[in-house]
């Protein structure tokens, strides 16, 4: 059974089509990179999967269930982690939010929850910051807290929206290495612009620009880029092909020169 | 101050001020972190429409004021929930309309009328015992409600999207919060006046927010700070024969400005 199954999905906002005729089947334990231009509908797609938005047409099934029912087994790391900097909350309390279950309001198992939350922080190497106020942490540290919060939900599916925007290059490689470890038992979808970094770690690529193209290989070809980004490849990205292995330096073709 | 306590009206004023501090400390914390200060001001002013209705139609005072402000509050809540960024304009309109509506109705009422000044500044020195019990009841009901929904309110206030994903009934809870705000604001206004309610609702939570590590800490510290302002203000007003509500607000305002200056200096020291 697929972890995510989307059939003939349309989504419009203010009478403008954001996503059109989207079909997608993502198998369990997949590690998908979602790429595409800004405003192409990547974040909208994540919010539809989370059940925060409802499609105009078509169906979404997460692990065989509609999103609203399945959302408690989805871990979500939002794009904007800088919201509410002065809010009176500590790192551990942010992570505990991942254990929130409104159905068990009266019988909260706070000791177990706290242990789970601390374990999630430990996994992200953030134990020392558990009782620090969230606003005093750096961007990268806050990112780790938010990922810990997503892990604390014990997710089957992990969605990350541009997670590396506040991490330096070395940190990014470590970060994707970590995601690859999580991928051993969690299906992962990550929105990213770092085409190069991504192709070394992910298993498949989904290109979103109103339409969706899914490729079950971690390859980004020039054709894909051309269809996804409505301008010439040189403007978008001077690289023609993204390959596995050691980092390469790929130069663009000379003009008017046939190979 | 000690000899002042032999007067019952001073004891009642003190009790009313302390109860208002606790209620405003709890609700004010939620108001400040959810950034609905403007909406609270809107509710408090629009409530005057209810006073107008009560005097014109000779309806009982409390039910009509609460009913009218709940109506106005729900209107504001639905606008602000749907379009967060444009809500302030609509709230401003309801704010002004409610107030004008009330004043016109009071004008049209023949005979002796409600005094606008007592609505603005209250009459903390003339609080009857029955009002104290009423406020205590409201305070306890609110503490129970906030305790029951604490985790949900925390998640909603910090990260509404994530709260929704976890299954928190965010929309329902938002309307409950605004409804609770409307009821408490109206009841406390009746005792200490609109201006003091707005001051107690915003100044202590804002000062405490930077130092508190949780909503609970922020609520407790805001209540204590509000209580300190109230006691100092009442003492000043007794000693120097000043208007009590205004004295309390002035104390709060001076301490607030002082804390801003201290923060600036600390920030400057940090940088060098």
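Taking residue A:155 as the residue in question, decide whether it is more than 30 Å from residue B:31 (Cβ to Cβ), modelled with pLDDT of 90 or more, in a loop (DSSP other than H, G, I, E, B) and in contact with a helix residue (DSSP H, G or I) (Cβ under 7 Å, 6 or more places away or on another chain).
yes
Would you mind finding the one in B:64, B:80, B:40 that is at pLDDT 90 or above, touching a helix residue (DSSP H, G or I) at 6+ places or on another chain (Cβ under 7 Å) and assigned to a helix (DSSP H, G or I)?
Result: B:40 is the single residue among B:64, B:80, B:40 that is at pLDDT 90 or above, touching a helix residue (DSSP H, G or I) at 6+ places or on another chain (Cβ under 7 Å) and assigned to a helix (DSSP H, G or I).
Report whether or not residue A:77 is in contact with a strand residue (DSSP E or B) (Cβ under 7 Å, 6 or more places away or on another chain), within 10 Å of chain B (Cβ to nearest Cβ) and modelled with pLDDT of 90 or more.
Yes, satisfied.
Determine if segment A:73-85 includes at least one residue that is more than 30 Å from residue A:21 (Cβ to Cβ), touching a residue at least 40 places away in the same chain (Cβ under 8 Å) and out of contact with any helix residue (DSSP H, G or I) (no Cβ under 7 Å at 6 or more places or on another chain).
yes
Given the conditions (1) within 11 Å of another protein chain (Cβ to nearest Cβ); (2) modelled with pLDDT under 90, report the number of the one that residue A:133 does not fulfil.
Unmet for residue A:133, out of (1) within 11 Å of another protein chain (Cβ to nearest Cβ); (2) modelled with pLDDT under 90: (2).
Per-residue answers, yes or no, for (1) buried (at least 16 other Cβ atoms within 10 Å of the Cβ); (2) within 19 Å of residue A:79 (Cα to Cα):
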| residue | (1), (2) |
| --- | --- |
| A:169 | no, yes |
| A:181 | no, no |
| A:186 | yes, no |
| A:209 | yes, yes |
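When you scan segment A:51-73, how many residues do you find that are within 7 Å of chain B (Cβ to nearest Cβ) and more than 23 Å from residue B:34 (Cβ to Cβ)?
So the count comes out to 1.
Which fully enclosed helices (runs of 4 or more DSSP H) of segment B:121-180 have 2 or more residues being closer than 18 Å to residue B:223 by Cβ?
Of the helices (runs of 4 or more DSSP H) lying wholly inside segment B:121-180, those with at least 2 residues that are closer than 18 Å to residue B:223 by Cβ span B:129-148, B:150-158.
Within segment A:123-130, identify whether any single residue is closer than 12 Å to residue B:158 by Cα, under 24 Å from the mean Cα position of the chain (by Cα) and buried (at least 18 other Cβ atoms within 10 Å of the Cβ), and answer yes or no.
no
Quick check on this structure: which one of B:167, B:98 is at positive phi and either modelled with pLDDT of 90 or more or within 14 Å of chain A (Cβ to nearest Cβ) (or both)?
Just one listed residue meets the conditions, B:167.
I need the full set of residues from segment B:189-215 which are within 11 Å of chain A (Cβ to nearest Cβ) and under 28 Å from residue B:131 (Cβ atoms), in order please.
Correct list: B:205, B:206, B:208.
The values are calculated or read from the model by the stated rules, or taken from the named source; none is laboratory data. Keep in mind it's a predicted model, so treat the numbers as computed, not measured. Using ideal geometry, Cβ is built from the backbone for each residue, glycine included, and neighbour counts are taken over all protein chains shown.
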